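Written below as structure tokens is the structure these notes are about.
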């Protein structure tokens, strides 16, 4: 999203840090929800590595830590064991 400020316009759309399809228990969790203009919402979903870097550089560490802990808890509630969770993290570049 760097360098795109001022290029926003149009309607606001709800989005998620962690996708609601993969993490349904986080769909309405406030720290997982964000509002983006339609342009940045599209960007967010089509540039996951850049979006992750933007998130890490933009949001406070305490926010990130709490969201990560809640994400992990939601995966355990889905019945995933630690090995499965670590595989998922690796696939998404989180390890």
Quick check on my filter: what residues within the range 11-34 are outside any strand (DSSP E or B), more than 15 Å from residue 74 (Cα to Cα) and under 10 Å from the mean Cα position of the chain (by Cα)? none
What's the total number of residues in the range 36-46 that are surrounded by fewer than 17 Cβ atoms within 10 Å (Cβ to Cβ) and over 12 Å from the mean Cα position of the chain (by Cα)? 6
Selection from the range 10-34 of residues loosely packed, with under 15 Cβ neighbours inside 10 Å and over 19 Å from residue 68 (Cα atoms) yields 10, 11, 12, 14
Could you check how many residues of the range 35-48 are closer than 22 Å to residue 68 by Cα and not in a helix (DSSP H, G or I)? 3
Residue 75 being outside any loop (DSSP other than H, G, I, E, B), modelled with pLDDT of 75 or more, surrounded by 15 or more Cβ atoms within 10 Å (Cβ to Cβ) and touching a helix residue (DSSP H, G or I) at 6+ places or on another chain (Cβ under 6 Å): no
Six or more apart or on different chains, Cβ atoms under 7 Å: show the pairs whose first residue is in the range 80-95 and surrounded by 13 or more Cβ atoms within 10 Å (Cβ to Cβ) and whose second is modelled with pLDDT of 75 or more. 85/72
Is it the case that the range 51-68 has a residue that's in contact with a strand residue (DSSP E or B) (Cβ under 6 Å, 6 or more places away or on another chain), exposed (fewer than 12 other Cβ atoms within 10 Å of the Cβ) and at pLDDT 80 or above? no
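The values are calculated or read from the model by the stated rules, or taken from the named source; none is laboratory data. The shown structure was predicted, so the numbers you read here are calculated from the model rather than taken from an experiment. Positions of Cβ are generated from backbone atoms using ideal geometry, with glycine treated the same way; all protein chains shown enter the neighbour counts.
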